[in-house]
Amino acid sequence: MSRIGKKPIALPAGVKYSVQGSVVVVEGPKGKLEQAIPAGIKLETQDGHVHAVCENDSQAAIHGLTRALIANAVNGVTKGWSKDLDIVGIGYRAELKGKNTVVFTLGYSHPIEFPLPTGITATIDPKQTRITIAGIDRQKVGQVAADMRALRKPDPYKNKGVRYAGERLKKKVGKTGAK
């Protein structure tokens, strides 16, 4: 049995969940999320907590995964998820164009317009070098952050580019002169 799958999921005040077939719908103050649950896993409520129950050992591999996905949905509709990106490099910056488009200047010959998907918001600090991506769906927030980072990955020689906040890079040594 999965140790993570056995942990109960606390339901904060104002959060409701319902099972509709093989989909769990979690509603909270920030919005509503749907999460598919595989066959063989049931959800039970006991004294304000949700328990993911595995019917037999053949579903042991997805027991902890299902519990974690539902816990992420509960956390998303209560607190939300966010990811920070740092832009490093001379002249590299980002700015908001409207509410749902981020325009990057990353050393290419043209600015890059990045449309934000529904449910995702981006805020940019006054220096235009830090972006905070926020939303209720953890997977979507992480995917948008990864797509933005992929526009200009950090260079291992000069450490310029778009990186996650707190990401530690290994700087490589450049060429040495001929002897």
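The values are calculated or read from the model by the stated rules, or taken from the named source; none is laboratory data. As the structure is a computational prediction, the values presented were derived from the model and not from experiment. Neighbour counts run over all protein chains shown; Cβ positions are idealised from the backbone, glycine included.
The table below gives the values:
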item: Unmet requirement for T66, which otherwise passes all of (1) in contact (Cβ under 8 Å) with a residue 40 or more places away in the chain; (2) among the polar types (S, T, N, Q); (3) under 20 Å from A145 (Cβ atoms); result: (3)
item: Tally, over segment 49-102, of residues that are within 17 Å of the chain's Cα centre (by Cα) and within 17 Å of G135 (Cβ to Cβ); result: 16
item: Considering residues of segment 157-166 that are surrounded by 12 or more Cβ atoms within 10 Å (Cβ to Cβ) and not hydrophobic (A, V, I, L, M, F, W, C) only, the residue farthest from S109 (Cα to Cα); result: Y164
item: Only one of I87, I70 that is at pLDDT 90 or above, assigned by TED's automatic domain parsing to the domain that holds T118 and either in contact with a Phe, Trp or Tyr (Cβ under 6 Å, 6 or more places away or on another chain) or not in a loop (DSSP other than H, G, I, E, B) (or both); result: I87
item: Selection within segment 12-49 - in contact with a helix residue (DSSP H, G or I) (Cβ under 7 Å, 6 or more places away or on another chain) and of a type in the set (A, V, I, L, M, F, W, C); result: V15, V24, V26, L33, I37, I41
